[in-house]
Amino acid sequence: MFGTIVNVSTIIIGTIVGTLLKKGIKEEYQTALFNAMGFAAVALGAHAVVSNMPNSTFPVLFIISLAVGSLIGTMLDLEGRFNQLVGRFGNSELSKGLSTAILLFCVGTLSILGPIESALHDNHTYLLTNATLDLVTSMALAATYGIGIMFSAVVLFLWQGGIYMSAQYIEPFLTAELMTEVSIVGGILIFASGLSILGIKDSKTVNMLPALFIPVVWFMIQGF
């Protein structure tokens, strides 16, 4: 799990550096960082959707995934439970930044295929590349939201660690078609997180997280 450990370490380092920078930033500059993070998330989410949509073999699957996933998340009140957990850090804005961080760090080709390449082929290229990107992102997020962003490193470790441990079983299911559909849904969630950070629309992104698993279920049904 060398690649995952490096990836987690870069998020921790980036969070610490970003938090130290935050202490010396004036309030108006922090507001500017909030806006920058919001627009960055919107841009990244839009890019993921636009670049993957033409390759989709099931054009309406992302709509079904968002609808069903949002209903499941709302019934389970994932947003409320998440906010309650994050609220213990004493930062009311942290939940927005943390949910965005988790999406950015965990939802993507590098973070999903990386642990599989690492486990089956001892190839850490994907994860080391992901680590470099996450270092910069975690610094920016921590400079905006503080030390609480470090919690995303725990989520990433569990996410990538789980994929690493089960790599030989799930590799056959992770087809290009599935990754395309997951990337579209993930891009929309990241886009929605950006809108929430900017204060344009609070879409309760955490409640929408189950939507990421609907394409997986669909392709499993297709396989049977």
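Values for this structure:
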| quantity | calculated |
| --- | --- |
| Scope the range 94-112; condition at pLDDT below 85 and under 25 Å from His47 (Cβ atoms); matching residues | Ser95, Lys96, Gly97, Val107, Gly108, Thr109, Leu110 |
| Top-ranked residue in the range 198-218 [being open to solvent by less than 40 Å² (accessible area, probe 1.4 Å) and touching an Asp or Glu at 6+ places or on another chain (Cβ under 7 Å); ranked as farthest from Thr144 (Cα to Cα)] | Pro215 |
| Residue check for Gly161: touching a residue at least 40 places away in the same chain (Cβ under 8 Å), part of a helix (DSSP H, G or I) and touching a Gly at 6+ places or on another chain (Cβ under 8 Å) | no |
| Flag if Gln84 is open to solvent by 70 Å² or more (accessible area, probe 1.4 Å) and on the phi < 0 side of the Ramachandran plot | yes |
| Test: residue in the range 67-77 that is free of Cβ contacts under 8 Å to residues at least 60 places away in the same chain and of a type in the set (S, T, N, Q) | no |
| Residue in the range 203-223 that is farther than 19 Å from Ser95 by Cβ, without any contact (Cβ under 8 Å) to a residue 40 or more places away in the chain and among the hydrophobic types (A, V, I, L, M, F, W, C) present | yes |
| Some residue of the range 107-118 being among the polar types (S, T, N, Q), touching a Gly at 6+ places or on another chain (Cβ under 6 Å), part of a helix (DSSP H, G or I) and open to solvent by less than 40 Å² (accessible area, probe 1.4 Å) | yes |
| Candidate set: the range 1-36, residues that are of a type outside the set (Lys, Arg) and not in a helix (DSSP H, G or I); chosen: the one surrounded by the fewest Cβ atoms within 10 Å (Cβ to Cβ) | Gly24 |
| Tally of residues being over 15 Å from the mean Cα position of the chain (by Cα) and open to solvent by 40 Å² or more (accessible area, probe 1.4 Å) across the range 130-148 | 3 |
| Scope the range 149-193; condition among the β-branched types (Val, Ile, Thr) and either surrounded by 16 or more Cβ atoms within 10 Å (Cβ to Cβ) or modelled with pLDDT of 90 or more (or both); matching residues | Ile149, Val154, Val155, Ile163, Thr180, Val182, Ile184, Val185, Ile188, Ile190 |
| Restricting the range 37-79 to residues that are outside any helix (DSSP H, G or I) and of a type in the set (S, T, N, Q), the residue that is surrounded by the most Cβ atoms within 10 Å (Cβ to Cβ) | Ser56 |
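The values are calculated or read from the model by the stated rules, or taken from the named source; none is laboratory data. Small disclaimer: the values here were computed from a predicted structure and weren't measured. Reconstructed Cβ throughout: ideal geometry from the backbone, glycine too, with neighbour counts over all protein chains shown. Accessible surface is based on the protein model in full, side chains and every heavy atom, while ligands, DNA and RNA are left aside. Shrake-Rupley method; radii C 1.70, N 1.55, O 1.52, S 1.80 Å.
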